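Q: I'd like to ask some things about the structure below.
Each reported figure results from applying straightforward, stated rules to the coordinates on display, with no laboratory input. Model, not experiment: these values are computed from the prediction. Every residue, glycine among them, receives a Cβ derived from its backbone with ideal geometry; neighbour counts consider all protein chains shown.
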Amino acid sequence: MVYLDHASAMPVDPRVLAFARRYLEEEFGNPSSLYDRGLSTRRAVEAARGEVAALVNTGDPRSIVFTGSATESNNLAIRGTALRNRRKGKKILVSAIEHISVMNPAKDLQKQGFELEFIPVDRYGIVDLTALEAGLTPETILVSVNYANDEIGTVEPIREVGRVVHEAGAYLHVNATAAAGRIPIDLQQEDGIDLLTLSGNDLGGPRGAAALYIRPGVKVQSVMPGGGQERGLRSGTENVFAIAGMGEAARLAAREMADEMEREQAIRDRLIREVLEIEEAGLTGHPTERLPHHASFRFSRIEGESILLNLDTFFDIQVATGSACTSRTLEPSHVLLAIGLTHEQAHGSVVMTLGRSNTVADVRYVADAMRETVGRLRGISPL
């Protein structure tokens, strides 16, 4: 098996599992309890908070709020910030290539009377700073731009985005799910990030834990009231196993990121060169300003789903055709349409994302499988 869908679902690092399993089997107390097992799990949650804060250099672990998923973090950031600050204004700006878990909460707010505007991007997926500046008004309370796009791998100029947003007096939310642990993020240096979404599974931890960084002073309203856990912003008994696992995964990512970036980028570059030798294959996203583990392509006259199924069935290679949260729809990717692809071109997309299990030896096997698959499918395509 060659697994190339790490942006969709990361395997849990065995070291993380070995570290966190005791919070399933032995130390299972409620972190809100005062007896010893509860205090023990509370310490585990706070230790994890410190590791996640260190990964992105927040300077203050209390700025990290744990949630159950990146989708929940995005909802808390978008809905919570908009609802808490609606007296200031009701305008929200979202980049045209945001993840669907950012898009849909923003659209839901639009139904409640908020004004929503999408910021265009260029053919590589880079946010148009001129359009962003033009869209900002005194009524704008929040802007959301992803750190890097999970479908095309493009890394955004976040510092420049933050400068423009803060000059207008608005808050900036950044979805860093695809980027954290893959490239360095320094919240004490990246001027202008007010809210940052992180995912435990995308760091190599178990599913069921994510986090939202909230810069001190930013006002956010809870979107899930209850028992008041996580500073009253995310109620519900903490998933200690997943949170502890996220903390350990963050620690390992911080320690190993530089070496993994170099290793995966070398594999990625070779994979891109090999696949682009296939007739009528094209790279999507920025050729250089992209995530080190990310390769995304489009192929003319065939469907990406057909490529995915053939690679899985005949070669035991797993790839994606777009964002995991939208891949089951029959509609073309809004990300690929936003960068100027036609509907037909967008339907022929394939995304390959590397992880620790991949080696340079995978490249030739994958490239040969892609060449054979594309040739076979084009041979039977009515196009």
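Q: Under a point-charge model restricted to the Cβ atoms of Lys and Arg (+1) and Asp and Glu (-1), what is the dipole moment magnitude of the chain relative to its Cα centre, in debye to the nearest 20? Show your work: numbers first, answer last.
A: Working: 41 positive and 51 negative charges, 234 e Å.
Here the size comes out at about 1120 debye.
Q: Let's test this: bin the Cα-Cα distances of the range 169-311 at 10 Å from zero up to the farthest pair and state each bin's percent.
A: Computed distribution, short to long bins: 10, 28, 31, 21, 10, 1.
Q: In the range 196-235, whose amide N lies under 18 Å from the spot 7 Å out along Cα-to-Cβ of residue 32? List them in ranges.
A: Within reach of a label on residue 32, which here means backbone N under 18 Å from a point 7 Å along Cα→Cβ, the range 196-235 contributes 222-235.
Q: Still on this model: Can you tell me the Rg and the Dmax, both Å, for the Cα atoms in the range 239-383?
A: In order Rg, Dmax, the Cα atoms of the range 239-383 give 16.6, 53 Å.
Q: Please provide three numbers in whole Å: the alpha-carbon extents of the range 14-252 along the principal axes, with the largest listed first.
A: That works out to 55, 35, 28 Å along the principal axes.
Q: Moving on. Under the 0.36 nm per residue contour assumption, what length would be gained going from the current alpha-carbon distance of residue 21 and residue 255 to full extension?
A: My answer for the length gained is 82.1 nm.
Q: State, to one decimal in nm, how far the label point of residue 168 lies from the label point of residue 83, with both points 7 Å from Cα in the Cβ direction.
A: For the pair residue 168/residue 83, the computed spacing is 2.4 nm.
Q: I need the peptides 243-251, 104-112 ranked by packing, meaning the mean over residues of other C-beta atoms within 10 angstrom, with the highest value on top.
A: Numbers: 243-251: 29.1, 104-112: 15.9.
The most tightly packed comes first, giving 243-251, 104-112.
Q: Counting other C-beta atoms within 10 Å, which of 64, 267 has the fewest, and how do the rest follow?
A: Values: 64 26, 267 19.
Neighbour counts put them in this order, fewest first: 267, 64.
Q: Per residue of the chain, what 222 nm ellipticity follows from adding -39500 (n - 2.57) for every DSSP H run with n ≥ 4, rounded to the nearest 500? Walk me through the intermediate numbers first.
A: On the way: 12 runs with 153 residues, N = 383.
Result for the chain, helices only: -12500 deg cm²/dmol.
Q: Compute the FRET efficiency between residue 47 and residue 356 as 1/(1 + (r/R0)^6), taking r as their Cβ-Cβ distance and R0 = 25 Å, and round to the nearest 0.05. Don't skip to the end; give the middle numbers.
A: On the way: r = 23 Å, r/R0 = 0.94.
So the FRET efficiency works out to roughly 0.60.
Q: Right, something else. Relative to the Cα centre, what is the charge dipole magnitude of the range 1-75, using +1 at the beta carbon of each Lys and Arg, -1 at the beta carbon of each Asp and Glu, and rounding to the nearest 20 debye? Please list the in-between numbers first.
A: On the way: 8 positive and 10 negative charges, 32 e Å.
Computed about the Cα centre, the dipole is about 160 debye.
Q: Determine the percent antiparallel among the DSSP beta bridges restricted to the chain, to the nearest 5. Display every interim value, and only then the final one.
A: Details: 21 of 40 bridges.
Within the chain, antiparallel bridges account for around 50 percent of the total.
Q: Right, something else. Hydropathy at least -0.5 by Kyte-Doolittle, axial extent at least 18 angstrom from the Cα trace: which helices of the chain, defined as entire DSSP H runs, fit? Walk me through the intermediate numbers first.
A: Working: long enough: 36-55 (29 Å, -0.29); 70-84 (20 Å, -0.31); 240-275 (43 Å, -0.19); 361-380 (30 Å, -0.16).
Qualifying helices, which must be both long enough and hydrophobic enough, are 36-55, 70-84, 240-275, 361-380.
Q: Taking the dipole about the Cα centre of the range 14-252, with the C-beta of Lys and Arg at +1 and of Asp and Glu at -1, give me whichever of 157, 225, 125 is farthest to the positive side.
A: With unit charges placed on the Cβ atoms, the residue in question is 225.
Q: Further question on the same structure: Report the Cα centroid-to-centroid distance between the range 166-206 and the range 210-262 in angstrom, as an integer.
A: Taking the Cα centre of the range 210-262 as reference, the centre of the range 166-206 is 12 Å away.
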